[in-house]
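A.B. asks: Quick one: structure below, then a few questions.
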Amino acid sequence: MSHPREISVGIIGTGFVARHFTYELERRPAWRLAKVLTRRPLDRCQDFPRPDALTDSLAALIEASDVVFECTGDAFYAARTIGPILDAGKPVVTLNAEFHATIGSHFVERGLLSEAEGDQPGCLAALAEDAVATGFEPLVYCNMKAFLNRDPTPEEMRYWAERQDYSIEMVTSFTDGTKVQIEQCLVANGLGAGIAQEDLIGLATGDLKVAAAELGAVADRLGHPISEYILDRGLQHGVFIIARHDQRQATALRNFKLGEGPYYVLIKDYCLVHLEVFKTIERVMQGRPPLLNNGALPRVSVASIAKRALRPGDLIERGCGSFELRGSCVNIAERPGHVPICLASQLRVRRTVERGQLLAMDDVDLPETEALAAWQAIERRVLSAAGVAAAS
């Protein structure tokens, strides 16, 4: 299938990624901006590069677009918008690991839905395609993280938010590890891997040879590929795969400077976020399969962990990127009834939860939303397939 001569791209979101994607799109003669869907009042978005394209109508966005790029980072909003777009026969490309890792599985069979290359999950998926095409067997899909502080202060996060032109919530989710847990959850589910332990290992090393030896051995011991990250201030902004190859290729791979094996490191040492999204849009417009999504039957989720003691009556307006909660990878079948971190919004605490404790649905009250209903359907399906009774 060939795509139209000019690709008409709709966008959902008006934040950092949407703005910079629009700048690049305007430089490309074969691409055209259709509509930009926003929840904000239109007269308050006039700083957007193309205010004339703004709309508050999902129907108008769908009508004008050949393909839609969703980049809000919001599972709730995506739950309301992505379904109707897919039902209209339009492909959806996202930079929204929060959506995929939480409820993306509810939508994957409704149409062509793919996370984009650019953020770490999509970059790992693209690197995995290259690895498999050249005969490698991936064992570890690994993210590189330079810094981790499980419980940063509001003052620290305000400073970095202003310096980096991100929201406080976004910077906090990067800093406390929630974002890397979400990304590696998507990687695990989308690439057929698992996790070695709850909260991941997070090996503290900048030496990829050490990482290959230690994490490769873990994957071998478990008998399945794993999704992981390493932690060191000197790391580049990138991803890598630890893989095995046919031992008859050992001499050739040594000559190609990949070392002695048996664990080889394949690295992509940059992630260009919105600039690489164009590659994935081209891919779906050519009728090729999705680069990455969460799969119809995920095994891993990102649970909510209390950063401080929570008392009955406490209200948490947004869990992901908050100073009350952080996210941690868990196996769904082993933690029935947990509260996914990206659903922990407008959450009212029902009973005491101690610092470090995993939140269960029985501990809280959550608003009835499309996103919550989607998650409940996913969890029932996963637990039924695993032969585990759902939590009451």
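A.B. asks: Residue 143: net charge of surrounding residues, Cβ under 13 Å, Lys/Arg +1, Asp/Glu -1, itself excluded? Display every interim value, and only then the final one.
C.D. replies: Details: positive: 145, 179, 268; negative: 119, 183, 228, 232, 269.
Overall, the nearby charge balance is -2.
A.B. asks: Further question on the same structure: Between the alpha-carbon centers of segment 1-51 and segment 132-149, tell me the distance in whole angstrom.
C.D. replies: About 31 Å separates the Cα centre of segment 1-51 from the one of segment 132-149.
A.B. asks: From the alpha carbon gyration tensor of segment 35-119, can you work out the equivalent ellipsoid semi-axes (sqrt of 5 times each eigenvalue) and give them in Å, largest to smallest?
C.D. replies: Numbers: eigenvalues 94, 42, 26 Å².
That gives 22, 14, 11 Å for the three semi-axes.
A.B. asks: Still on this structure: Please list 136, 174 in order of solvent-accessible area, largest first, computed with a 1.4 Å probe with all protein chains present.
C.D. replies: I get 174, 136, largest accessible area first.
A.B. asks: Test of the criteria: in segment 16-100, which GluC sites (Glu not before Pro) are in a DSSP loop and have at most 16 other Cβ atoms within 10 angstrom of their Cβ? Walk me through the numbers on the way to the answer.
C.D. replies: Values: sites: 24, 26, 63, 70, 98; in loops: 26.
Here the GluC sites (Glu not before Pro) that fit, given the DSSP loop and packing criteria, are 26.
A.B. asks: Over segment 149-308, what lengths in whole Å, largest first, do the semi-axes of the equivalent ellipsoid take, defined as the square roots of 5 times the eigenvalues of the alpha-carbon gyration tensor?
C.D. replies: On the way: eigenvalues 171, 88, 65 Å².
Semi-axes (√(5λ), whole Å): 29, 21, 18.
A.B. asks: Which value results when the Cα radius of gyration for segment 231-359 is divided by 2.2 N^0.38 Å?
C.D. replies: On the way: Rg = 21.2 Å, N = 129, 2.2 N^0.38 = 13.9 Å.
Against the empirical 2.2 N^0.38 Å value, I get 1.52 for segment 231-359.
A.B. asks: Principal axis lengths of segment 51-183 from Cα atoms, whole Å, largest first?
C.D. replies: The principal-axis extents, from largest down, are 46, 43, 26 Å.
A.B. asks: Additional query: What do you reckon, how do 50, 233 stack up by accessible area (1.4 Å probe), largest on top?
C.D. replies: The residues order as 233, 50, largest area first.
A.B. asks: How about segment 18-50: which trypsin sites (Lys or Arg not before Pro) there are in a DSSP loop, with at most 10 other Cβ atoms within 10 Å of their Cβ? Before the final figure, lay out the partial values.
C.D. replies: Numbers: sites: 19, 27, 32, 35, 39, 44; in loops: 27, 39.
Loop-located and lightly packed - 27.
A.B. asks: Excluding residue 308 itself, calculate the net charge of residues whose Cβ lies under 11 Å from the Cβ of residue 308, where each Lys or Arg counts +1 and each Asp or Glu counts -1.
C.D. replies: Working: positive: 307, 311, 326, 355; negative: 151, 314, 324, 354.
Surrounding charge for residue 308 is 0.
A.B. asks: Residue 177's amide H: which non-local residues (gap 5+, or another chain) put their own amide H closer than 5 Å, with H modeled 1.01 Å from N in plane and none for Pro or chain starts?
C.D. replies: Excluding prolines and chain starts, which carry no amide H, the hits are 149.
A.B. asks: Measuring with a 1.4 Å probe in the full set of protein chains, what accessible area per residue, in whole Å², belongs to the chain?
C.D. replies: On the way: 16670 Å² over 392 residues.
Per residue, the chain has an accessible area of 43 Å².
A.B. asks: Between their Cα atoms, which of 179/268; 35/268; 90/145; 209/279 are more than 24 Å away from each other? Mind dumping the intermediate values first?
C.D. replies: Working: 179/268 19 Å; 35/268 33 Å; 90/145 35 Å; 209/279 30 Å.
Cα-Cα > 24 Å for 35/268; 90/145; 209/279; rest within.
A.B. asks: Roughly how many percent of the accessible protein surface of the chain is carbon and sulfur, given a 1.4 Å probe and a whole-percent answer? Kindly include the intermediate steps, with their values, before the conclusion.
C.D. replies: Values: 8150 of 16670 Å².
Roughly 49 percent of what the probe reaches on the chain is carbon or sulfur.
A.B. asks: May I ask for the Rg/Rh ratio of segment 186-279, computed from Cα atoms with Rh as the Kirkwood radius, given to two decimals? Working shown, then result.
C.D. replies: Values: Rg = 14.3 Å, Rh = 14.6 Å.
Radius of gyration relative to Kirkwood radius: 0.98.
A.B. asks: To the nearest µm²/s, what D does Stokes-Einstein give for the chain at 10 °C and 1.306 mPa s, using the Kirkwood radius over alpha carbon pairs as Rh?
C.D. replies: The estimated diffusion coefficient comes to 74 µm²/s.
A.B. asks: In segment 292-367, which trypsin sites (Lys or Arg not before Pro) fall in coil by DSSP and have 11 or fewer other Cβ atoms within 10 Å? If you can, show how the numbers build up before the last one.
C.D. replies: Details: sites: 299, 307, 308, 318, 326, 348, 350, 351, 355; in loops: 299, 307, 308, 350, 351, 355.
Hits after loop and neighbour filter: 351, 355.
A.B. asks: Residue by residue, what Karplus-based ³J(HN,Hα) values in Hz, rounded to whole numbers, does segment 145-160 have, using 6.51, -1.76 and 1.60 with θ = phi - 60° and x for Gly and Pro?
C.D. replies: 10, 8, 8, 8, 9, 4, 9, x, 8, x, 5, 4, 6, 5, 4, 6
A.B. asks: What number, in percent, do you get for the relative contact order of segment 31-96 if the mean sequence gap of Cα pairs under 8 Å and at least 6 apart is divided by its residue count?
C.D. replies: Values: 72 pairs, mean separation 20.4, N = 66.
Once normalised by length, the contact order is 31 percent.
A.B. asks: Separate question: Output the peptides 238-250, 332-344 sorted from most to least packed, where packing is the average of other Cβ atoms within 10 Å over each peptide's residues.
C.D. replies: Working: 238-250: 18.8, 332-344: 22.4.
Top of the packing list down: 332-344, 238-250.
A.B. asks: Take the eigenvalues of the Cα gyration tensor for segment 288-392, scale each by 5, and report the square roots as semi-axes in whole Å, largest first.
C.D. replies: Numbers: eigenvalues 118, 47, 33 Å².
Here the semi-axes work out to 24, 15, 13 Å.
The values are calculated or read from the model by the stated rules, or taken from the named source; none is laboratory data. Note that the structure is predicted; figures quoted are calculated from it, not measured. Cβ: placed from backbone, ideal geometry, glycine included. Neighbour counts: every protein chain shown. Ligands, DNA and RNA are stripped out before the accessible areas are found, and what is left, the full protein with its side chains, is counted by its heavy atoms. Shrake-Rupley method; radii C 1.70, N 1.55, O 1.52, S 1.80 Å.
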